[in-house]
Amino acid sequence: MFTLLTTIVSFLSGGFPKILEYFQNKSDNKHELEMAQLQFTQQLELQKLGYVAQKDLEEIKFNEVQEQTASSDLIAALANDSASAVGASTWVINIRALVRPAITFGLFAIFLFVEIFGCWYAYYNGVKFNDALPLLWNTDTQTVWASIVGFYFGCRHFAK
């Protein structure tokens, strides 16, 4: 039962950032709408008094410059990442892309080695399979395994 609960929680935890992002965006949009309405009423009052909102024009220009700078920084970072791969062989580029999967597969291989070695050691020392199985595949191992698999597939599901 605990394993099932852990699997469900791990699967859903992959979507937790998306849920938080939704509520944050909703709050941000509400705040921006209130600010826009307030700014609009203020501009109407200024126009009634005959003032031109030069400050707003300067603010818009400043924001445009900031956005251009931010986009240039992002483009520069992407260009730097691409430039680091220039001249590298296809093999090196593919290895760079396999770092996270390689670590995952390595940890999985260690897990399999421990479980298979434990099974072999039990068999070699004359322990019956029915007695060794609860020691090798206990509830703690099931819980950790279910959490990892649930989180992995939950993240992949919510990323789409």
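Some notes on this structure:
- Selection count, region 151-160, where residues are under 13 Å from Phe16 (Cα atoms) and modelled with pLDDT of 70 or more: 1
- Tabulated pairs, region 56-75, first surrounded by 10 or more Cβ atoms within 10 Å (Cβ to Cβ), second modelled with pLDDT of 80 or more, C-beta under 7 angstrom, 6+ apart or interchain: none
- Residue satisfying all of: in region 1-56; among the small types (Gly, Ala, Ser) and at pLDDT below 70; farthest from Phe153 (Cα to Cα) among these: Gly50
The values are calculated or read from the model by the stated rules, or taken from the named source; none is laboratory data. These figures come from a predicted structure and were not determined experimentally. Neighbour counts are summed over all protein chains in view; Cβ atoms, including those assigned to glycine, are modelled from backbone coordinates with ideal geometry.
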